[in-house]
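One structure is given here, and the rest of the page talks about it.
FYI, it's all coordinate maths here, none of it is from the lab. These numbers come from a predicted model, not from an experiment. Glycine gets a Cβ as well: all are built from the backbone with ideal geometry, and neighbour counts include every protein chain shown.
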Amino acid sequence: MRIKLRGHHLLCLLGFQGYGYSEDFVFNMTRINEKRKSKDCIITLTNEADDICSSCPNLKDNICENEKQNEIIVKMDNEILSHFDSKRKYNSLELFKEVSLKFNTLKSVENVCNNCKWENECLFYKKLE
């Protein structure tokens, strides 16, 4: 199975607690979070709308909410993607192990997680505090 993920969603999946923008979004995120735990899952990285975004009610014309908000999200993605080869296809288990090693302090995620609306629910972020 294959999943396309934008950079910042690598962190979001590690802290996902079942909260989201809509019921459809939560259902899709839960499904993707389960898929990514399979040894047969292959992940392609992007800084554009991905398989998680596909169920987001804020996705309009393939961007998040509006151009200004989308620019902020793309910067977050690029911050994460700068640590990976976005042309490569990754085994999901290996990729998420690498993500956990590279992003393991508050400093390492400050340009991505600061001011996130899910900060109080995110297990990944709480683990870093």
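Here are a few things to note about the model shown:
- Backbone amide hydrogens, once placed in the peptide plane, bring Lys4 within less than 5 Å of Thr44, Asp51, excluding anything fewer than 5 places away on its chain.
- Using the empirical formula 2.2 N^0.38 Å as the baseline, the Cα radius of gyration of segment 45-120 reaches a ratio of 1.17.
- Cut-off 19 Å (backbone N to label point 7 Å along Cα→Cβ of Tyr21), residues of segment 115-129: 115-122
- Over segment 1-55, relative contact order from alpha-carbon pairs under 8 Å, at least 6 apart, %: 61 percent
- Dipole magnitude for the chain: about 520 debye, using +1 per Lys or Arg Cβ and -1 per Asp or Glu Cβ, origin at the Cα centre.
- Cα-Cα pairs of the chain separated by more than 22 Å (percent): 31 percent
- When you count the other C-beta atoms within 10 angstrom of each residue and take the mean per peptide, 94-101, 10-17, 82-89 line up highest first as 10-17, 94-101, 82-89.
- Karplus (6.51, -1.76, 1.60) ³J(HN,Hα), θ = phi - 60°, over segment 55-66, in Hz, Gly and Pro reported as x: 10, 8, x, 8, 7, 10, 6, 6, 10, 7, 6, 8
- For segment 3-113, the antiparallel share of DSSP beta bridges with both residues in that region comes to about 55%.
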